[in-house]
1. Of all residues in the stretch 90-119, which are acidic (Asp, Glu) and farther than 22 Å from PRO26 by Cβ?
2. Among the residues that make up the stretch 432-444, is at least one of them over 32 Å from the mean Cα position of the chain (by Cα), more than 14 Å from ligand 1 (Cβ to nearest atom), surrounded by fewer than 18 Cβ atoms within 10 Å (Cβ to Cβ) and of a type in the set (Val, Ile, Thr)?
3. Considering only residues of the stretch 472-494 that are surrounded by 19 or more Cβ atoms within 10 Å (Cβ to Cβ) and assigned to a helix (DSSP H, G or I), which is nearest to the chain's Cα centre (by Cα)?
4. What is the one condition in (1) more than 16 Å from ligand 1 (Cβ to nearest atom); (2) open to solvent by less than 70 Å² (accessible area, probe 1.4 Å); (3) modelled with pLDDT of 90 or more; (4) more than 21 Å from GLN125 (Cα to Cα) that LYS394 does not satisfy?
5. Which residues, taken from the stretch 428-471, are in a loop (DSSP other than H, G, I, E, B) and of a type in the set (S, T, N, Q)?
6. Would you mind stating whether ILE242 is within 30 Å of ARG309 (Cβ to Cβ), at pLDDT 80 or above, assigned by TED's automatic domain parsing to the domain that holds GLY327 and of a type in the set (A, V, I, L, M)?
7. Among the listed residues ILE512, ILE530, which satisfies the condition of being open to solvent by less than 10 Å² (accessible area, probe 1.4 Å), more than 16 Å from ligand 1 (Cβ to nearest atom), over 41 Å from the mean Cα position of the chain (by Cα) and in contact (Cβ under 8 Å) with a residue 40 or more places away in the chain?
8. Being open to solvent by 50 Å² or more (accessible area, probe 1.4 Å), in a loop (DSSP other than H, G, I, E, B) and modelled with pLDDT of 80 or more, is that true of even one residue in the stretch 317-329?
Amino acid sequence: MQKFLIFWKRQIMFKKSKIFFDFYQPLVKKYTLHFFGLFLMPIFWCLAETFAPYIIKIVIDDLSQISNQNDSYVINILVRATTIYIILMLIMEVSLRLCNVIWIQTIPILKADIKEKGITIFQSQNYSFFNSHLLGDLVTKFRSLSHSFEQIFSQVLYGIYPTIITAIIVFCFILSINTFFAVFFFFWYCGMNFITYYFAEKSIDLAGSQARVENKLTGHVGDLFRNTIATKTFWSHGLDKIITEKLQKEDVLISKKLEWLNFRTDSLRSLSSLIMLALMMAFLAIGWQKKWVTLGDFSFITAACFYIRRSAWMSSVQLLFIFKELGIIEESLKDLSTSKIQLNNNLQSKKTGHIVINNLCFGYDNAHSLLKSVNLEILPGDKIGIFGASGSGKTSFLYLLLRFCSPQVGSIKIDGADLDKLSKQNLNFYIAYVPQQTSLFHRTIYDNIKYGNIAATREDILHVSKLANCHEFIERLEDGYNTFVGENGVKLSGGQRQRISIARALLSKAPILIFDEAFSSLDTNNENKILNNILKEEKKSTFILISHR
Ligand SMILES: Nc1ncnc2c1ncn2[C@@H]1O[C@H](COP(=O)(O)OP(=O)(O)OP(=O)(O)O)[C@@H](O)[C@H]1O
Ligand SMILES: [Mg+2]
């Protein structure tokens, strides 16, 4: 009993899980009417489905009541029964098809909404979130937000919900026949479900663990595929295999545990429900002898109980599936932060890029500090260089300016506004960044450069490409600016990728330009040309350059 209470507490906790409801509720709310329709239709087909064996009961009762069966009377009864049966089948078909139509009208759009919200939420996560998750893991989590929702919903709508409705209707029918058997049926049905729920808590835990391991495995496989150069140039298959095998073993172990739990639950439910069913049939036989029930009642109650027993078994399998999908969704949503900072969304009209850094302290963890009490003022138009040993914290300093990380102590202000309070749009308009590791999309060169400023014209794009000294090599490519660069620009050389990144940054016309080792893959000739172009063209911009040279 205590276990049962803990389970329900968990359920309520899960229901209260703010992040889960925050995510789905506003999306589902938009389709309240559609959902009403979706949940209304099964009532009709369940009524029709349950009424069919009831007709057989009526036929049996009618036939057993007449002693001298004349053919036309029997045919009359059978024709009437068949007609009603056909009408019921029609009701069933129509309500099922209507349900399908509402589903088609609702679910694909809802799934698109979920995906859109998923992309927005994932993209709003901070930089460290992406650093601490594997790409494959994130993609799986994103996909499961819509996929698992659809799976759960279809199991509920076409499986569990109709079974409960049918059980209620059967209960009402039996109640109209005999109260004792209705009460017996009630306890029998609740008992079967109680056993399923009793073991459910463990199932949810195991399903969650299984989802975690599966995500890890996908993340690991994604990591392997992304590092093709390393896997092809080093004989490390043994190591990769050890990691894969460890995760696979864990997966198999949890799956087996889950299956055994399911087996135990099933066996227990089957056995107890069979005993109850046998008892019910014995009571029915006695009831028929004592004239409490007719032969038709006997046939209806028995058929309904066998049908419900099978449906309850199906429901338990569906429940297990739902628990697994819920575990996956919980796993996907749990790390996502939905906290919103109060942002000043008004676009600053006059951007000069005056940076004031006051008593800045930072470390990736509290025990180790990387930057200690940095005080710095960078005036609009300043051109400054940052030098330091590898690992000294140069890139981390830029990450603070870009708000990828937050200072432990101190503040950064741009044009008098606290960096924390700037909207993403404002921050993006202020700073253009060329990262140490280039970040290009698997799109055309043209689109990659245009990403710096969506309002830019073709002329603007050609102009910045010339400044970044990449126009010539792009023109020499077979598809020119329309060349697809591959994932992260894999089809280009390191220096070509850097020049495209520079062109993209220049296109943004941001008052602050930040270059982090932006010339590391370029020859000095190229570097000098680009630097001269920038100094000539971007006289008013603040230019922060990190370089080892
Ligand atoms: N996401 C992170 N989480 C934890 N530690 C990090 C993270 N990124 C960097 N570090 C650590 O912070 C320190 C500074 O790294 P940073 O990238 O800022 O150095 P850097 O001066 O830019 O070096 P380089 O010249 O080699 O690019 C390093 O010791 C690094 O291991
Ligand atoms: Mg660096």
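1. GLU93
2. No: the stretch 432-444 contains no residue that is over 32 Å from the mean Cα position of the chain (by Cα), more than 14 Å from ligand 1 (Cβ to nearest atom), surrounded by fewer than 18 Cβ atoms within 10 Å (Cβ to Cβ) and of a type in the set (Val, Ile, Thr).
3. Top of the filtered list is GLY489.
4. (1)
5. The answer is GLN436, GLN437, THR438, SER439, ASN453, THR457, ASN469.
6. no
7. So the residue among ILE512, ILE530 that is open to solvent by less than 10 Å² (accessible area, probe 1.4 Å), more than 16 Å from ligand 1 (Cβ to nearest atom), over 41 Å from the mean Cα position of the chain (by Cα) and in contact (Cβ under 8 Å) with a residue 40 or more places away in the chain is ILE530.
8. Looking for residues that are open to solvent by 50 Å² or more (accessible area, probe 1.4 Å), in a loop (DSSP other than H, G, I, E, B) and modelled with pLDDT of 80 or more, one finds none in the stretch 317-329, hence no.
The values are calculated or read from the model by the stated rules, or taken from the named source; none is laboratory data. Just so you know, these numbers come straight off a predicted model, no measurement behind them. Note: ideal-geometry Cβ built from the backbone for every residue, glycine included; neighbour counts use all protein chains shown. Accessible surface areas use protein heavy atoms only, side chains included; no ligands, DNA or RNA. Shrake-Rupley method; radii C 1.70, N 1.55, O 1.52, S 1.80 Å.
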